[in-house]
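**Q** Would you mind keeping the following structure in view while I ask a few things?
Bear in mind that the values in this text are calculations on the coordinates, not laboratory data. Just so you know, these numbers come straight off a predicted model, no measurement behind them. Every residue, glycine among them, receives a Cβ derived from its backbone with ideal geometry; neighbour counts consider all protein chains shown.
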Amino acid sequence: MSNTSLLLEWQQRWNRSLFHFLRRRVRSTIEVQDLAQETYLRLLGARDLSHVRNPQAYLLQVASHVAMEWCDRQPRCDSMMMFDDDMLVDSRLPELELDARLSQQRLEETLASISPMMRAVLLLRLRDERSYQEIGAELQITHRQVRRYLARGFEHLRRAMEG
Amino acid sequence: MTGANADMTSIFVQAAHWWVVLREGDASTRQNREFMEWVKRAPEHVEAYLQFLRLQSALARPNLRWPAISAEALVSKALTESPVIPLDDGSGGCVVTSGDVAVSQP
């Protein structure tokens with residue numbers, strides 16, 4: 001069975017458990033939805049889920065990793081985060097291959113090479129964590145343009161990461 | 001840019017665009033469902049989104065430093081130097097207009 005079919009089955013059976021698990025770790029519903037989605041996506045990218053002995057534990061273990069990474073990105077995160085050891089029956093993680101590096105030099109070269117508008121959007125969002133509305137107002141561009149500059153900016157950063 | 005690279009760029013930009021839309025804080029259930037449908041539509045979409053997550057992971061590394069230029073200087077430079085921005089994606093360039101990202105708009 002493919003990962004996608006398996007995952008749909010897992011989702012039907014344990015989606016409620018996953019949301020319950022994540023709700024105990026983050027406060028907002030939107031973040032719970034984001035993290036659940038990211039958990040499923042990571043599992044979709046795993047090499048082979050058919051050998052997982054305890055799918056529910058596995059699902060929650062990956063969700064734990066996703067939630068911990070999310071927590072690391074938050075300026076304040078005091079609601080986190082203890083593993084539920086009793087859930088971690090299956091200790092093998094799928095091969096997620098998320099380890100990636102972007103050198104300081106490549107980041108700086110890329111930011112220097114893009115347009116001032118795209119650079120401003122990227123830095124105001126990723127460094128200063130301004131909202132899209134604030135960025136649009138500052139730069140006198142529409143909300144949609146902010147999103148497009150950001151998505152295109154990520155593409156430049158991807159090439160920098162791979163270059 | 002070869003055709004395959006151009007396709008990859010386009011799919012990656014779509015993946016990035018979905019992330020941007022879904023992180024806005026007011027993403028609807030419909031948008032979340034559409035995103036999942038987009039992901040499931042092709043293995044390339046899954047790969048592009050995972051690639052996007054790898055980029056996020058790389059950008060989140062604590063030893064990576066963003067340039068120290070102030071927000072005011074960034075805005076000022078953007079307003080004076082780029083009223084309309086050519087976006088070079090390697091396919092001959094394009095301009096930011098309402099149709100430059102080929103994804104379904106939420």
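**Q** Pop a pseudo-label 7 angstrom from the Cα along the beta-carbon direction at both residue A:53 and residue B:71 and give the gap in nm to one decimal.
**A** For residue A:53 paired with residue B:71, the spin-label model returns 5.2 nm.
**Q** If you take each beta carbon of peptide A:31-37 and count the beta carbons of other chains within 10 angstrom, what is the mean?
**A** On the way: counts 2, 0, 4, 5, 0, 1, 7.
Partner Cβ neighbours, averaged per residue: 3.
**Q** May I pose another question? Rounded to whole Hz and in sequence order, give me ³J(HN,Hα) for the stretch A:110-127 from the Karplus expression 6.51 cos²θ - 1.76 cosθ + 1.60, θ = phi - 60°, writing x for Gly and Pro.
**A** Values, residue by residue: 5, 5, 6, 8, 8, 5, x, 5, 5, 4, 4, 4, 4, 6, 5, 7, 7, 8 Hz.
**Q** Full-extension gain between residue A:68 and residue A:104, please, as 0.36 nm times their residue separation minus the C-alpha to C-alpha distance.
**A** Values: separation 36, 0.36 × 36 = 12.96 nm, distance 2.44 nm.
The span from residue A:68 to residue A:104 would gain 10.5 nm if fully extended.
**Q** Okay, moving on. Go ahead and run the numbers for FRET between residue A:27 and residue A:112, Cβ-Cβ distance against an R0 of 51 Å, rounding to 0.05. List each step's numbers first, then the result.
**A** Details: r = 38 Å, r/R0 = 0.75.
That gives a FRET efficiency of 0.85.
**Q** Enter the Cα centre distance for the pair the stretch A:13-52 and the stretch B:32-68, rounded to the nearest angstrom.
**A** Taking the Cα centre of the stretch B:32-68 as reference, the centre of the stretch A:13-52 is 16 Å away.
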